[in-house]
Amino acid sequence: MLQFGKYNTLLISRRTDNGFYLCETECTGALEEVLMPNKFITPEMKEGGKVTVFVYKDSEDRPVATTQIPKAIVGEATYLKVKELTNFGAFLDWGLDKDLLLPFREQSGEPEEGKEYLVYVYFDFASKRIAATGNLNKFIKNRELDLKINDEVDLLICDETETGIKVIINQKHWGMLYRNEIFGLVEKGTHVKGYVKKIRDDGKIDVALQKQGISAAVDVKDILLQKLQENKGILKLSDASTPELIYDVLGISKKNFKKALGMLYKEGKVLLLKDSVKLK
């Protein structure tokens, strides 16, 4: 069965004046086929071969396949710009020929043309169409968590709060990235690699941009040793260095720097000077 709003790897069944017809396996009827228009056909595509395409419905509600890459597929949240406001709702630019509808009932505020909003792309089973919603809590929930401390996760950077930055974890859960643990630039709407720091009893999740605990220090040891070697065995860093300076030089937090430094010192690999660290 075709997966609307997602990528499908399909068989090129036959060619017509309008383009290639694709199907999952050997096609047995027109209802199982989807058209990929001529403009998406490339010379290497041949009948009997396979192609990975994004499947959605065109303005006339017909299934269509495209090699264009949408900014989000069904089951994903992202920031999309409003292209047009209509009586049906707001149409969003999601990277395809056909814009994505954000219906009135799914708007969390009053969208404005030209501005970007955080939305979740879903398949509306009632209308059999792909749509967007600004009511993300219908889909992003902190229940049935399959996470543990120090798991590497994908973080979608969302809005700033008083304590930090709200993020979406693996397109499934809400999390919080605390301000005092952010030393580099993180831009709203971008994806960054993060780690689960704490899972609270109420289901709230704290995340960090680096691993926590001893396992983090072990990884950071390698970073520190490499930087020392690249800088002729000495770095102008110490316990007194600011978190910002440490992050600029090493890309790690001061907490992890101090743990790694202590481990290397105990192993006899470095000397700790007043304002620097030296490779032994």
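Quick notes
- Filtered residues of region 131-173 (kept if surrounded by fewer than 18 Cβ atoms within 10 Å (Cβ to Cβ), within 13 Å of the chain's Cα centre (by Cα) and without any contact (Cβ under 8 Å) to a residue 40 or more places away in the chain): 170
- Test result for residue 234, of a type outside the set (Gly, Ala, Ser) and at pLDDT below 85: no
- From the list 237, 224, 261, 228, the lone residue that is surrounded by 19 or more Cβ atoms within 10 Å (Cβ to Cβ), in contact with a Leu (Cβ under 8 Å, 6 or more places away or on another chain) and in a loop (DSSP other than H, G, I, E, B) is 237.
- Counting only strands (runs of 3 or more DSSP E) that sit wholly inside region 1-65, those with at least 1 residues that are within 17 Å of residue 100 (Cα to Cα) are 7-16, 50-57.
The values are calculated or read from the model by the stated rules, or taken from the named source; none is laboratory data. Bear in mind that the values here come from a model prediction, so they are computed numbers and not experimental data. All Cβ positions, glycine included, derive from the backbone under ideal geometry; neighbour counts span all protein chains shown.
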